[in-house]
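Novice: Supplied in structure tokens, the structure appears directly below.
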Amino acid sequence: MPVSATMSSKVPDLQLADVQGQAVLLRADFNVPFDKETGEISDDTRIQRTLPTLEYLMREGAKVLLISHVGRPKGQVVESLSMRKPAERLKELLNFPVEFIGDVLDDGAREAFQKGKSQTVYVAENIRFHAEETSKEKSVRKAFAQKIAELGNVYVNDAFGASHRAHASIVELAEILPHYAGKLLKQEIDVLESLLTSPKRPLTAVIGGAKISTKIGVLEFLLNKVDTILIGGAMAYTFLKARALEVGNSMVETDYLSKAFQIVDKADYKQVRLELPIDHIASTEFSEKGKIKTMGREIAPGYMGMDIGPKTADKYSKIIRESATVFWNGPMGVFEMDKFAKGTLAIAKAMAKVKGTTVVGGGDSVYAVKKAGVADKMTHISTGGGATLEFMEGKVLPGIEALLSE
Ligand code: ADP
Ligand code: MG
């Protein structure tokens, strides 16, 4: 049977670029979280994960201008969202010189880069300090990208986490310059794509989190791909309610009841095993201070579901351990509170025992895996939140599409 070329094999590999002595404009995703009290970087995973690309470019003798956004400054200069701290962290992690040079349109910064040395990383200020970066007008983004493009002759995108955005440094810059996928971007595409196209079976998706509305696209797409879907988190209550079960005061998205019902029905038709929680940890309040009880399939009036119960955790864990491939997005409960974290931790531990491939995506899910201390047991932890979800909805991300063009 002929197999159509995968997206991954079509994305131009960085290895094909001759970057020696070249000025490389690298769009990375250094959008790291900062501790609210100290203002220090609280998790540098995204910086760490860009190191292979940077080390490669340095060894090959390139001069790199690293461009990233941090947070959502909305076209304003916001000091707390400066790239200075991420640049400092990179300096500690990389065995090559790193220098923060400031804004890409600033004459001094541009000159510093143009006169700069090979095998050095020059870090630009937060690209979203410019409203043009995220402008809805393509012509505005293009004009902005044009000014950035003057600084280099090769463009590399390693910012998977931002590649679902049609922004100037993601799309238009790639349209102007010879473009390549960085190692992290390539890895993300490889892993996520093979999950969708050639997974070892059984393939199980564990989907939880706060809102069904943000996961509906993924659920609908995965229904055509997976053998089993395990549902948890708040969205389980919309599903249970749709099946006419009592859910008490649990979070329910009433606008999505019929959609939830359709998904259950479609799963049945497609012979996909779709499991809903069979017991719950419920509380009278959205806090650890309320009256907390373990309940069966239904939730008593006055209580809200806060976590999957122990029977569900056992049942899901067993299914996960017997899977050859598992994709997980969305916590099983309000895991930020210890009393409602058991279900989520059980899933993380079960995933750690899988012999096959395990992939985790989504900001909170990744945090939960780290909290459970099993991050290094996963095959792949995706660096994208929204980008990962959109990829898993079967969408071609704008940043990837731009790399596929001539
Ligand atoms: P991810 O970032 O991994 O995609 P989401 O953002 O969709 O995950 O969901 C994470 C949030 O869902 C967490 O803040 C968690 O507290 C919340 N959540 C999970 N279960 C429940 C529940 N039963 N009731 C209310 N909120 C829940
Ligand atoms: Mg989240």
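The values are calculated or read from the model by the stated rules, or taken from the named source; none is laboratory data. In this text, all values refer to a predicted model and were calculated from it rather than measured experimentally. Cβ coordinates were reconstructed from backbone atoms using ideal geometry, including for glycine residues, and neighbour counts include every protein chain displayed. Side chains are part of the model used for accessible areas, which takes the heavy atoms of the whole protein and leaves out ligands, DNA and RNA. Shrake-Rupley method; radii C 1.70, N 1.55, O 1.52, S 1.80 Å.
Novice: If you count only protein heavy atoms and use a 1.4 Å probe, how large is the accessible surface of Arg165, to the nearest 10 Å²?
Specialist: Its accessible surface works out to 90 Å², give or take rounding.
Novice: Report the GluC sites (Glu not before Pro) located in the stretch 3-78 that are in a DSSP loop and have at most 14 other Cβ atoms inside 10 Å of their Cβ, or state none.
Specialist: Numbers: sites: Glu37, Glu40, Glu55, Glu60; in loops: Glu37, Glu40, Glu60.
Listed in order of number, the matching sites are Glu37, Glu40.
Novice: What does the accessible area per residue of the stretch 227-270 come to in Å², with a 1.4 Å probe and no ligands, DNA or RNA counted? If you can, show how the numbers build up before the last one.
Specialist: Details: 2200 Å² over 44 residues.
Computed with neighbouring chains in place, this is 50 Å² per residue.
Novice: With each label point set 7 Å from Cα along the Cα-Cβ vector, what nm distance links Ala131 and Asp255?
Specialist: With each label point 7 Å from Cα toward Cβ, the separation is 2.8 nm.
Novice: Moving on to the next point. Using a simple spin-label model with points 7 Å from Cα along the Cα→Cβ vector, what separation in nm is obtained for Lys377 and Glu40?
Specialist: 2.9
Novice: Something else about it: Fully extended, how many nm does the chain gain between Arg273 and Glu393 (0.36 nm per residue separation, minus their Cα-Cα distance)? The partial results should precede the final answer.
Specialist: Working: separation 120, 0.36 × 120 = 43.20 nm, distance 1.90 nm.
Gain on extension, Arg273 to Glu393, equals 41.3 nm.
Novice: Would you mind computing, in nm to one decimal, how far apart the modelled labels at Arg59 and Ser118 are, each placed 7 Å from Cα along Cα→Cβ?
Specialist: Calculated label separation equals 1.6 nm.
Novice: How far, in degrees from 0 to 90, does helix 84-93 lean away from the longest principal axis of the Cα atoms of the chain, to the nearest 10?
Specialist: 90
Novice: While we're here: Considering only Cα-Cα distances, which of the following residue pairs are longer than 19 Å: Lys315/Lys342; Lys136/Lys211; Lys291/Lys318; Lys311/Lys349; Lys293/Lys371; Lys342/Lys370? All intermediate terms of the calculation are to be shown ahead of the outcome.
Specialist: Numbers: Lys315/Lys342 14 Å; Lys136/Lys211 27 Å; Lys291/Lys318 30 Å; Lys311/Lys349 15 Å; Lys293/Lys371 24 Å; Lys342/Lys370 14 Å.
Lys136/Lys211; Lys291/Lys318; Lys293/Lys371, as the Cα separations exceed 19 Å there.
Novice: On to the next question. Considering only protein heavy atoms, with the full assembly of protein chains and a 1.4 angstrom probe, order Arg243, Arg49 by accessible area, largest first. Walk me through the intermediate numbers first.
Specialist: Numbers: Arg243 130, Arg49 55 Å².
Largest to smallest exposure gives the sequence Arg243, Arg49.
Novice: Still on this model: With +1 on each Lys and Arg Cβ and -1 on each Asp and Glu Cβ, how big is the dipole of the stretch 7-186 about its Cα centre, in debye rounded to the nearest 20? All intermediate terms of the calculation are to be shown ahead of the outcome.
Specialist: On the way: 25 positive and 26 negative charges, 90 e Å.
It comes to approximately 440 debye.
Novice: While we're here: On a C-alpha basis, how far is the centre of the stretch 235-254 from the centre of the stretch 101-164 in Å? Whole number, if you could?
Specialist: Centre-to-centre distance over Cα atoms comes out at 47 Å.
Novice: Quick one: if the Förster radius is 41 Å, what FRET efficiency do Lys211 and Lys353 give, using the C-beta to C-beta distance and rounding to 0.05? Each step should come with its number before you reach the end.
Specialist: Numbers: r = 29 Å, r/R0 = 0.71.
Step by step, r from the Cβ atoms, then E = 0.90.
Novice: With +1 assigned to the C-beta of every Lys and Arg and -1 to the C-beta of every Asp and Glu, and no other charges, what is the dipole magnitude of the stretch 260-343 about the Cα centre in debye, to the nearest 20? Spell out each step's value before the answer.
Specialist: Numbers: 13 positive and 12 negative charges, 37 e Å.
It works out to roughly 180 debye.
Novice: As I understand it, the dipole of the chain uses +1 on the Cβ of Lys and Arg and -1 on the Cβ of Asp and Glu, about the Cα centre. Which of Ile47, Ala372, Gln146 lies farthest toward its positive end?
Specialist: Ala372
Novice: With all protein chains present, calculate the accessible area of Asp314 using a 1.4 Å probe and round the result to the nearest 10 Å².
Specialist: Rounded to the nearest 10, the figure is 110 Å².
Novice: Only bridges whose two residues both fall in the stretch 199-392 count here: according to DSSP, what percent of them are antiparallel, nearest 5? Walk me through the intermediate numbers first.
Specialist: On the way: 8 of 27 bridges.
In the stretch 199-392, approximately 30 percent of DSSP beta bridges are antiparallel ones.
Novice: For a quick check of your reading of the filter: which chymotrypsin sites (Phe, Trp or Tyr not before Pro) in the stretch 257-359 sit in a DSSP loop and have no more than 13 other Cβ atoms within 10 Å?
Specialist: none
Novice: Further question on the same structure: Can you find, among Leu14, Ser250, Leu57, the residue farthest towards the positive end of the dipole of the chain? Put +1 on the C-beta of Lys and Arg, -1 on that of Asp and Glu.
Specialist: Ser250
Novice: How large is the charge dipole for the chain, taken about the Cα centre, if only the Cβ atoms of Lys, Arg (+1) and Asp, Glu (-1) carry charge, to the nearest 20 debye? Don't skip to the answer; put the middle values down first.
Specialist: On the way: 53 positive and 52 negative charges, 240 e Å.
Computed charge dipole of the chain: roughly 1160 debye.
Novice: Projecting each Cα onto the charge dipole of the chain (Lys/Arg +1, Asp/Glu -1 at the beta carbon, about the Cα centre), which of Ile308, Ser198, Ser287 comes out farthest on the positive side?
Specialist: The Cα lying farthest towards the positive end belongs to Ile308.
Novice: Taking a probe of 1.4 angstrom, what is the accessible area of Lys215 in Å², to the nearest 10?
Specialist: Accessible area, nearest 10 Å²: 20 Å².
Novice: Report the semi-axes of the equivalent ellipsoid for the chain in whole Å, largest first, where each axis is √(5λ) for an eigenvalue λ of the Cα gyration tensor.
Specialist: Numbers: eigenvalues 341, 104, 71 Å².
Output for the chain: semi-axes of 41, 23, 19 Å.
Novice: Give the percent of DSSP beta bridges with both residues in the chain that are antiparallel, rounded to the nearest 5. Don't jump to the answer; show the numbers that get you there.
Specialist: On the way: 9 of 49 bridges.
Bridges in the chain are about 20 percent antiparallel.
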